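Report on one structure; see the data block that follows.
Just so it is clear, none of the values below were taken in a lab; they were calculated from the coordinates. As the structure is a computational prediction, the values presented were derived from the model and not from experiment. For neighbour counting, all protein chains shown are included, and Cβ atoms are generated from backbone atoms with ideal geometry for every residue, glycine included.
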Amino acid sequence: MSQTISDMNGAPARALITKIGFDGHDRGSRIVAAYLRDAGMEVIYTPPWQEIDAVVQLALQEDVDLIGISSLATDHLIVPELMSKLSDAGLADIEVFIGGIIPDQERPMLLDAGLGGIFGPGSSRDEIVECARRLAAVSREKKLQAMEVAS
């Protein structure tokens, strides 16, 4: 796990770990934040009860590569709204993954919304970190392509 994702200037990948909606259980998000920090990523961590618009604004301000959402209750049902608002804000290059209690029948809705990973209880540290690395690399490639198109 010594490999880190960095941009052309050597900056480590930047991840925003957050909880949207009314779910206040933050143990899982704190653990994932620690996993990603230990893997060499810069992690911006928010307390629970974040509004979608605030998460989009923070993602823009912090220039993150990926967003990790934690959901213990039904807050995963509002993730498609987050994806839509990221796109509306010109942030479709940010990759998103989610972890928590996600019923099997609701996973396709999240994947269709564009999530790059879904993790349930028992997911390993290695699985989560490798997914985050992959998503950060995808995000940075999208940003690079957008810069090339713009120039």
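Brief remarks follow.
- Electrostatic bookkeeping for Ile69 treats Lys and Arg as +1 and Asp and Glu as -1; over the other residues with beta carbon under 14 Å from its beta carbon, the sum is -3.
- Simple spin-label estimate for Glu127 and Glu62 in nanometres, 7 Å along Cα-Cβ: 2.4 nm
- Comparing Arg30, Arg133, Arg14 in a Gaussian network model of the chain, where Cα atoms under 10 Å apart are tied by springs, the biggest mean-square fluctuation is seen for Arg30.
- Anisotropy class of the stretch 105-150 from Cα gyration tensor, a/c 1.5 cut: oblate
- Reach of Lys19 by Cα under 24 Å, taken over lysines that are not fewer than 8 positions away in the same chain: Lys85
- For the chain, with +1 on Lys and Arg beta carbons and -1 on Asp and Glu, the positive-most of Gly99, Ser70, Tyr35 along the dipole: Tyr35
- Cα centroid separation, the stretch 108-151 to the stretch 46-96 (Å): 13 Å
- Two-decimal Rg to Rh for the chain - Kirkwood Rh, Cα set: 0.94
- Gaussian network model of the chain, springs between alpha carbon atoms under 10 Å - residue of Asp88, Asp53, Asp104 with greatest fluctuation: Asp104
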